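A.B. asks: Please see the structure below; I have some questions.
The values are calculated or read from the model by the stated rules, or taken from the named source; none is laboratory data. Predicted model, so just to flag it, every value in this text is computed and none were measured. Positions of Cβ are backbone-derived with ideal geometry, glycine not excepted, and every protein chain shown enters the neighbour counts.
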Amino acid sequence: MTRLRPDLPALARIDTPALIVDEVALQANIERMAKTAAAHKIALRPHAKTHKSAAIALRQLKAGAIGIACATLLEAEALAQAGVTGLLVTSPVVGADKAARLARLNRVSPVTAVVDHRDQLEGLRAVLADDDPPLGILIDVDVGQGRTGVTTLQDGHALARMAATDRRFAFRGLQGYAGHVQHILVAAERRAAAAKSVTALRSLAALLHAEDIACPVISGSGTGAHAYDMDGPYSELQVGSYVFMDADYGRLRQDDGLALPFEPALYVLATVVSANREDQVTVDAGTKALAVNGPAPARFIGLPAGASYSFSGDEHGATALPPGLPRPAVGARVLIGATHCDPTVNLHAAYHAVDADGAVTVIPIIGRYGAMAVVP
């Protein structure tokens, strides 16, 4: 049960809407995933696209992660500047400017990139100097999501050979992220989809092995399917949302019918700004404070049981109340569970992290769209 309360004295001084983290739940989630991966002898490379925080990434490394996955080059640059190491950029880097930035980053902090087309490799090759350290390369494989990745064994094989035979690259293996699997509600269906998604990875890895092309890394999986991917072919897990959980992941169940073994840790603090309707109050957290692409929040602190939230514009949210219960007063504070954690985080500049004693620490959110990062 969360230790958070919207009436904590430290929260009273925070302007709303604001992003709040339950420090105790966050740390418990980090340690639980690390212990689970260690017990299954699988490496952990958590995804920074969820938290966009150097402080949280460093906690994950301290707990046993071998490195950090980044969705964008901007995230990798910002994390490297803060001293985070073992970075993997999980989306193809395209364009001369971005390729040059990636090469500069690799000179000061070794990084691995993914490719799914020969033009991407050629673009990276063009910016790597003869005396540069080799750039790590994974071949991105489409495992059913239909977003990025090679779609045939022949294309994957050709790219791997190109990378493995060029001294400017260090071919390390494959990536296969099954994002389409992570949110399947029925556990048995999620398990079956996870098993189906790794077929292409197994086949390509076997083909490379037959040609004596070393393929030590197979990176992927995610929070929703991590329990089903522990026994391979993945060598490392790119889990992200487990640190916070959100309304969507809160709906998932394991094979035993229980919720995923992680605690909700991310909330938006809001203030009741209108209370004129008998069955509703309006808060100052709308589409600029909570992501709109997840299910409606299902968790509230400071509202009666059975309350529900709906977006009511950029700055407002309407919270419906069960009949017969008293309404929160104008000025009352409410904690609203995150809808979709990743894009919700991207809407804010910082976290207000609340520890077990109710004290608050401000943690910057880095690598957001529109921001600039300087390679150290």
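A.B. asks: Report yes if some residue within the stretch 98-108 is assigned by TED's automatic domain parsing to the domain that holds TYR242, hydrophobic (A, V, I, L, M, F, W, C), under 30 Å from CYS341 (Cβ atoms) and crowded, with 21+ Cβ neighbours inside 10 Å; otherwise report no.
C.D. replies: yes
A.B. asks: Looking only at residues that are in contact with a strand residue (DSSP E or B) (Cβ under 6 Å, 6 or more places away or on another chain) and assigned to a helix (DSSP H, G or I) in the stretch 35-72, which one is surrounded by the most Cβ atoms within 10 Å (Cβ to Cβ)?
C.D. replies: ALA57
A.B. asks: Hey, any hits in the stretch 334-349 for a residue that's assigned to a loop (DSSP other than H, G, I, E, B), surrounded by 17 or more Cβ atoms within 10 Å (Cβ to Cβ), touching a residue at least 12 places away in the same chain (Cβ under 8 Å) and β-branched (Val, Ile, Thr)?
C.D. replies: yes
A.B. asks: So in the stretch 99-144, with the set limited to residues that are within 22 Å of the chain's Cα centre (by Cα) and in a helix (DSSP H, G or I), which one is farthest from LEU201 (Cα to Cα)? Let's see the steps before the verdict.
C.D. replies: Just the residues of the stretch 99-144 that are within 22 Å of the chain's Cα centre (by Cα), to begin with: 102, 105, 109-116, 136-144.
If we keep only those that are in a helix (DSSP H, G or I) too, we end up with 102, 105.
Numbers: LEU102: 26, LEU105: 28 Å.
Within the stretch 99-144, the match that is farthest from LEU201 (Cα to Cα) is LEU105.
A.B. asks: Also, quick follow-up: Can you find a residue in the stretch 134-141 that is buried (at least 17 other Cβ atoms within 10 Å of the Cβ), β-branched (Val, Ile, Thr), in the same structural domain as ALA225 (by TED's automatic domain parsing) and in contact (Cβ under 8 Å) with a residue 40 or more places away in the chain? Please lay out each step first, then the result.
C.D. replies: Looking only at the stretch 134-141, we keep the residues that are buried (at least 17 other Cβ atoms within 10 Å of the Cβ), and these are 135-141.
Pick out the ones that are also β-branched (Val, Ile, Thr) and you get 137, 139, 141.
Imposing the further condition that a residue be in the same structural domain as ALA225 (by TED's automatic domain parsing) reduces the set to 137, 139, 141.
Cutting the leftovers down to in contact (Cβ under 8 Å) with a residue 40 or more places away in the chain gives us 139, 141.
Yes - at least one qualifying residue is present in the stretch 134-141.
A.B. asks: Looking only at the stretch 230-245, which residues are assigned to a loop (DSSP other than H, G, I, E, B), modelled with pLDDT of 95 or more and not hydrophobic (A, V, I, L, M, F, W, C)?
C.D. replies: PRO233, TYR234, SER235, GLN238, GLY240
A.B. asks: Just checking, which of PRO295, PRO328, PRO323, PRO304 is surrounded by 19 or more Cβ atoms within 10 Å (Cβ to Cβ) and assigned to a loop (DSSP other than H, G, I, E, B)? Outline the logic, then answer.
C.D. replies: On the way: PRO295 fails: surrounded by 19 or more Cβ atoms within 10 Å (Cβ to Cβ); PRO323 fails: surrounded by 19 or more Cβ atoms within 10 Å (Cβ to Cβ); PRO304 fails: surrounded by 19 or more Cβ atoms within 10 Å (Cβ to Cβ).
Criteria check complete, one pass: PRO328.
A.B. asks: Name the single residue that is surrounded by the fewest Cβ atoms within 10 Å (Cβ to Cβ) among those in the stretch 200-229 being touching a helix residue (DSSP H, G or I) at 6+ places or on another chain (Cβ under 7 Å) and assigned to a helix (DSSP H, G or I).
C.D. replies: The qualifying residue surrounded by the fewest Cβ atoms within 10 Å (Cβ to Cβ) is SER203.
A.B. asks: If you scan the stretch 167-219, which residues turn out to be over 21 Å from PRO110 (Cβ atoms) and of a type in the set (S, T, N, Q)?
C.D. replies: GLN182, SER197, THR199, SER203, listed by residue number.
A.B. asks: For VAL115, state whether it is closer than 15 Å to GLY222 by Cα and among the β-branched types (Val, Ile, Thr).
C.D. replies: The answer is no for VAL115.
A.B. asks: Ok, one more. Within the stretch 167-189, how many residues are in contact with a strand residue (DSSP E or B) (Cβ under 9 Å, 6 or more places away or on another chain) and surrounded by 14 or more Cβ atoms within 10 Å (Cβ to Cβ)?
C.D. replies: 12
A.B. asks: Next question, about the same structure. For the stretch 281-290, state whether one or more residues are in contact with a Gly (Cβ under 6 Å, 6 or more places away or on another chain) and among the β-branched types (Val, Ile, Thr).
C.D. replies: Filtering the stretch 281-290 for residues in contact with a Gly (Cβ under 6 Å, 6 or more places away or on another chain) gives 283, 285-286.
Remaining after also requiring among the β-branched types (Val, Ile, Thr): 283.
Yes, the stretch 281-290 contains a residue that is in contact with a Gly (Cβ under 6 Å, 6 or more places away or on another chain) and among the β-branched types (Val, Ile, Thr).
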